[in-house]
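To keep things clear, I will list the structure first and then write my remarks on it.
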């Protein structure tokens, strides 16, 4: 169910504890709220950028220049997007295991 952000219209601080903005979960087919559910002061819906999550495979992340490290132990991470010449595991105490950033950053 979508979550919308609403803003109190009046400048006076609302006593409902949800000033100046609050989030509200409601079906997309419902009309926007016109009053705060707690203090009944006028509110308006805030237009925000939509967040769309798309699952990316590790190889897609690597091809786009990202490095994905997954924690396997205290201070040890598996490099899921490693390139040739890079270690499979990154140890924070061994700098030689760090990903080679020059391979991921292109000018």
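The numbers here are math on the coordinates, done by the rules we state, and not lab data. Just so it is clear, the structure is predicted and the values come from calculations on it, not from any experiment. Methodologically, a virtual Cβ is constructed for each residue, glycine included, from the backbone with ideal geometry; neighbour enumeration extends over all protein chains shown.
Our note on the geometry: Cα centres of region 10-47 and region 63-81, 41 Å apart.
Checking (i) 0.94; (ii) 1.28; (iii) 0.92 against the coordinates, the calculated Rg/Rh (Cα atoms, Kirkwood Rh) falls under label (ii).
Extension gain for residue 41-residue 97 works out to 14.4 nm (0.36 nm per residue, less the C-alpha to C-alpha distance). At a Förster distance of 22 Å, what's the computed FRET efficiency of residue 89 paired with residue 61, Cβ-Cβ distance as r, to 0.05? Plugging the Cβ-Cβ distance into 1/(1 + (r/R0)^6) gives 0.80. Helical runs (DSSP H, four residues minimum) scored at -39500 (n - 2.57) apiece and divided by the length of the chain put the mean residue ellipticity at 222 nm at -2000 deg cm²/dmol. Determine, from the Cβ-Cβ distance of residue 72 and residue 52 and an R0 of 22 Å, the FRET efficiency 1/(1 + (r/R0)^6), rounded to the nearest 0.05. In this case the efficiency is close to 0.15. Prolate is the label for region 5-44, because a/c, from the alpha-carbon gyration tensor with a ≥ b ≥ c as root eigenvalues, is 1.5 or above and a/b exceeds b/c.
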